[in-house]
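Each remark here refers to the structure printed beneath this line.
The values are calculated or read from the model by the stated rules, or taken from the named source; none is laboratory data. On a predicted model such as this, the values are computed, not experimentally measured, just so you know. Note that each Cβ is placed from the backbone with ideal geometry, even for glycine, and that neighbours are counted across all protein chains shown.
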Amino acid sequence: MQEKSKKIKILFILSIILLVGFLFLVAIYINKNIQNNKIYQLENKTYYEVTLNPNNYFLKDKLEADNYYIANSIKNIDIYFDYYLKNKTKENINYSYDVTATIKSYADNGTKLVWTKDFNLKNINNINEKEIKINENYKLDYQYYVNYVKSFQEYYNIKTESYLYIKLNIKINDKVNPYVELTIPINEDIIEITLKEENSFLKNNKQNINLKIVIVFIFLTITIVYLINNLLNKHNEKAILKAYDDIIITIQNIPDINIDNVIYLSSLKDLINIVINNNANIFNYKNNYYAIIDNIYYIYKYEKNI
């Protein structure tokens, strides 16, 4: 009997391991499938070009992105914000956006911020649609900001390391999420413009999907473990009853039990051990089992309304 019980326990543990492994693989598949069929589809084609002042050295009056530029040759920086976010669900997206320019001047090799100045270039509020479409073309007068920094430095007679940040800020469903930012050095003879994209809205959405999958995975695991445990317990009880049917007596009438002298047991096996150690019998009334030993009632699965 003990060997059979051990085999059942081993089977139970193996079943749980296989179940958890299976559910984990299912969770990975679902997560991957959701991410591949993105609820939100983003296309960001933001780029820039540099328009030069008239000169005798450059054949073109415009230079493409990702180059080095002579600072005093720059007339305008043409920035094209082309941002498109598609929502595959039926819900609308409420969004606002603005375009800002910010000067930041640093001391001690760029480690200490000593001055900052913000400029609001564009502001659009409260659009409610199924998709976000932003197409903005802004001609940035680079020399205007260079002269602004020079004026600041001359006024205080200091030298600073300065940068101009052009940023597209997007607020989605009342949360500031994705943005595109250009960093443009000032006070340098030759500059390199960098463009950075941050799509925190998509990251947060992915995290939410992952969290939901984890919750579902945990719930399914607990539910199936509970069901398997119940089935195994029932199987164990049937096996125990069959093994010890010689000491179990089925009765037709409800016994008269003194509730003050009752000890409730949580398992049938405990009741059988007590009965065997005291050379007694188990009485069965409608699948409720009890034994009387020294005027004490030991009961398993006793129901007051039977």
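Tabulated results
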quantity	calculated
Residues of region 123-145 that turn out to be surrounded by 14 or more Cβ atoms within 10 Å (Cβ to Cβ) and without any contact (Cβ under 8 Å) to a residue 40 or more places away in the chain, as a count	1
Unmet criterion (only one of (1) within 12 Å of Thr160 (Cα to Cα); (2) without any contact (Cβ under 8 Å) to a residue 40 or more places away in the chain) for Glu91	(1)
Those residues of region 71-96 which are farther than 23 Å from Ile186 by Cα, of a type in the set (Val, Ile, Thr) and in a strand (DSSP E or B), in sequence order	Ile93
Of the criteria (1) among the small types (Gly, Ala, Ser); (2) at pLDDT 80 or above; (3) under 22 Å from the mean Cα position of the chain (by Cα), which one Gly21 fails	(2)
Some residue of region 53-70 being of a type in the set (D, E, K, R), in a loop (DSSP other than H, G, I, E, B) and at positive phi	yes
Residue, surrounded by the most Cβ atoms within 10 Å (Cβ to Cβ), within region 258-279, restricted to residues that are within 14 Å of Tyr300 (Cβ to Cβ) and among the hydrophobic types (A, V, I, L, M, F, W, C)	Leu271
Residue that is in contact with a helix residue (DSSP H, G or I) (Cβ under 9 Å, 6 or more places away or on another chain) and crowded, with 16+ Cβ neighbours inside 10 Å, where the choices are Ile93, Ile170	Ile170
